[in-house]
Every structure is written in C-alpha cells, then in structure tokens.
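Asks: Input: one structure, supplied below.
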Amino acid sequence: MTAPETARPGKPAPAAALILASASPRRRELLAQVGITAAAIRPSDIDETPLPRELPRALALRLARAKADATPAAPDEIVLAADTVVATGRRLLGKPDDAAEAEVFLRLLSGRRHRVITGLALRRGDRRWSRAVETAVRFKRLSETEIAGYLASGEWQGKAGGYAIQGLAGAFVPWISGSYSNVVGLPLTETVHLLTAAGYQRKISP
C-alpha cells in the first residue's frame, strides 16, 4: 500500500494553522506587523468576572487560558488567546460601560502610573503554553479640556482602562516601561516566542 504524500520521509509537515480567539482588530493588526496571519478568527465567549480578591496578573492569565480552552480547534491547529487588564494598585479598570465610568477612569489615571498586564495562552492539541506580560505606563496630569475632549471622541469605548495608547490618548502618555505593543493589546516579542515554542512557522518576507 502506498504511503500518503504527507508521510514521505524527509517531507516537512504542513504548517499548523493559527486560530485567533479574539475579535480585536488591534490584535490582528499587531500580528500582521510581524508576518503572522490567523487562518480563522473564533472569539470565545466566557465569563470575564474577576474572582473575589483576584489579583490583576492572575486574572489576565486565567481569562486567557479559559479563552484558549473554550475555542474549538482541530488537534493540530494552534489557538492564540489573550486578555488585557489595566490596574492601579489592586484596582481593576475594565472596559467602561459608559462615558461616566470612562471619566472616572481618566481622572483616576491622570498624573499617575498604572500597569497594563496581558495574559497570553496557546493551545495545540493537549499541550498548553502561557505567560503574562506587564508594562508600566504613566499619564500626565489631564486638564478638564483634555478629559472632555477625549470622552467626546468616543475612543474610550471597548478599551480596557478607557483609553487607547495608539490613538488620541497617546498624547497623554509621556513615559512607559516595557512593551508598547502590550499596551495596545498584544506583546509581540512574547507572542512570537510562544508561537515558535508551539511549532508555528512564521513567514517573513524580505
């Protein structure tokens, strides 16, 4: 009986397809920057409510792992999931429900440092990889005009912490320590490292 084409000795195995467990266009754009294109987008629907006394780092990792596990995939597909958390001390700043909550967040961040933590999780078959990446960010002191203008822009909607550093809020940030792409939503160096460990073949064109 003739062996199938893919089983011939010396023939490389087909590249594993990447499944992105996120509907975030920012994460797709970041992956594209480093030559990675998801074969499919399969957002996972999980309960993202923090557990009692759960710390930001633990929350980001738990949610990323839960998203990866909840995403349907073939045994040789690689699922990439992420969850980004913004925190001032132990206080979590999620996605504001409305402009009033976004204003509370902006006033809390004004003139202070905060942390942006992204949990990364990969699943390929029954194997798992995960890690958390943290970036420190400092906001300048915001004027009443800046707060009102940012709220009117609507850019805060759907953003953890109520702001987007890659947009208008970039003018609020004089200093960061750590990964910039992490603040946008996906730490690229660490993501590529995990994907390589999982056997993903990244294509880099000259």
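Asks: Convex hull over the alpha-carbon atoms of the stretch 16-197: what's its volume per residue in Å³?
Replies: 108
Asks: Now for a different question. The stretch 80-162: D in µm²/s via Stokes-Einstein (Kirkwood Rh, Cα pairs, 10 °C, 1.306 mPa s)?
Replies: Rounded, D is 114 µm²/s.
Asks: GNM, the chain, Cα, under 10 Å: largest mean-square fluctuation among ALA81, ALA16, ALA132?
Replies: Of the options given, ALA16 has the highest mean-square fluctuation.
Asks: Now, a different point. Sorting check: for 66-74, 28-36, 50-58, which peptide has the highest mean count of neighbouring beta carbons within 10 Å, and how do the rest follow?
Replies: Ranked from most to least packed, the peptides come out as 66-74, 28-36, 50-58.
Asks: Is it possible to state the helix-based mean residue ellipticity at 222 nm for the chain, with each DSSP H run of 4+ residues giving -39500 (n - 2.57), the sum divided by total residues, to the nearest 500 deg cm²/dmol? What is it?
Replies: On the way: 6 runs with 60 residues, N = 206.
Result for the chain: -8500 deg cm²/dmol, rounded to the nearest 500.
None of the figures in this text is laboratory data; all of them are computed from the coordinates on show. What you see is a predicted model; the values in this text were computed from it and never measured. Please note: Cβ atoms are built from the backbone with ideal geometry, for glycine as well, and neighbour counts cover all protein chains shown.
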